[in-house]
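Following: one structure in C-alpha cells, then a few remarks.
The values are calculated or read from the model by the stated rules, or taken from the named source; none is laboratory data. As the structure is a prediction and not an experimental result, all values here were calculated from the model. All Cβ positions, even for glycine, are placed from backbone atoms using ideal geometry, and neighbour counts span all protein chains on display. With ligands, DNA and RNA removed, areas are computed over all heavy atoms of the protein, side chains included. Shrake-Rupley method; radii C 1.70, N 1.55, O 1.52, S 1.80 Å.
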Amino acid sequence: MIANGRVFKYGDNIDTDVIIPARYLNVSEPAELAAHCMEDIDKDFIKNVKEGDIIVAGKNFGCGSSREHAPIAIKKAGISVVIAKTYARIFYRNAINIGLAIMECDEAVDGIDDGDMVTVDFDTGIIKNQTKNQIYKGQSFPPFIQDIIKSGGLLPYMSTL
C-alpha cells in the first residue's frame with residue numbers, strides 16, 4: 001500500500017478538540033465531521049486538502065477525549081496517513097479501528113515541512129519527501145494492521161474473516 005500527497009504540518013499536542021471542535025460532537029455523519037476538520041487551528045485546511053494528502057505532527061497527536069469523531073473526520077477529509085512523533089494511545093487505537101493509517105517517525109516529522117510532497121510505503125515503512133529528496137525509515141505496518149486499513153476499519157475487516 002502506498003500513500004502520496006501534500007503535507008499539512010502541525011505541532012505538538014494536537015488534541016481531539018482541535019481536530020474536530022466539540023461543538024460538532026452531535027454530528028454523526030462522517031462527511032459533515034470532515035467539513036469541520038481542523039477548522040479551529042487551520043481555517044483553510046478543508047478548502048485545500050485533497051484525497052491522499054498527509055498530516056504530519058509532533059508529539060502526542062490526538063490527545064484529549066477518546067471520541068472516534070477525530071480520526072473519522074481526518075479520514076473522511078481525504079487524509080491517507082498521519083505521521084507523528086507520538087500519539088495519544090486511545091487516538092492510535094481509534095484510528096486503526098476506523099481504518100486511518102498512522103505512523104510514528106521522529107526523523108520524518110523533523111525533516112518534512114508544510115506543503116512538501118511525500119510518499120509513504122506502508123509495506124516497508126519508507127517515507128520519501130519528494131520535495132527535498134530525503135528518505136526516512138518509519139515503522140512498517142504488520143500485515144494484519146494493513147488488512148484492517150485496506151478493509152476500511154476493524155468492523156469491515158472482521159466481516160471478511
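Just one of the numbered conditions (1) closer than 14 Å to Ile2 by Cα; (2) surrounded by 18 or more Cβ atoms within 10 Å (Cβ to Cβ) is not true of Ala73; which one?
Every listed condition holds for Ala73 apart from (1).
Evaluate segment 13-22: report whether one residue or more is in a loop (DSSP other than H, G, I, E, B) and modelled with pLDDT under 95. Break it down stepwise before answering.
So in segment 13-22, the residues in a loop (DSSP other than H, G, I, E, B) come out as 13-14, 20-21.
Now narrow it down to the ones that are modelled with pLDDT under 95: 20-21.
Yes.
Can you tell me which residue among Glu39, Glu32 is open to solvent by 70 Å² or more (accessible area, probe 1.4 Å) and of a type outside the set (Phe, Trp, Tyr)?
Values: Glu39 fails: open to solvent by 70 Å² or more (accessible area, probe 1.4 Å).
Going through Glu39, Glu32 in turn, just one is open to solvent by 70 Å² or more (accessible area, probe 1.4 Å) and of a type outside the set (Phe, Trp, Tyr): Glu32.
Do the conditions hold for Ile79, that is, is it assigned to a loop (DSSP other than H, G, I, E, B) and buried (at least 23 other Cβ atoms within 10 Å of the Cβ)? Please lay out each step first, then the result.
Working: assigned to a loop (DSSP other than H, G, I, E, B): yes; buried (at least 23 other Cβ atoms within 10 Å of the Cβ): yes.
Considered against the rule, which asks whether it is assigned to a loop (DSSP other than H, G, I, E, B) and buried (at least 23 other Cβ atoms within 10 Å of the Cβ), Ile79 comes out as yes.
Kindly list, by first and then second residue, each pair from a residue in segment 104-126 that is more than 15 Å from Ala84 (Cβ to Cβ) to a residue that is polar (S, T, N, Q) and assigned to a helix (DSSP H, G or I), limited to pairs with Cβ atoms under 7 Å and residues at least 6 apart or on different chains.
Phe122/Gln146
Given Ile55, Ile46, which one is in contact with an Asp or Glu (Cβ under 8 Å, 6 or more places away or on another chain), within 17 Å of Tyr10 (Cβ to Cβ) and outside any loop (DSSP other than H, G, I, E, B)?
Numbers: Ile55 fails: in contact with an Asp or Glu (Cβ under 8 Å, 6 or more places away or on another chain).
Going through Ile55, Ile46 in turn, just one is in contact with an Asp or Glu (Cβ under 8 Å, 6 or more places away or on another chain), within 17 Å of Tyr10 (Cβ to Cβ) and outside any loop (DSSP other than H, G, I, E, B): Ile46.
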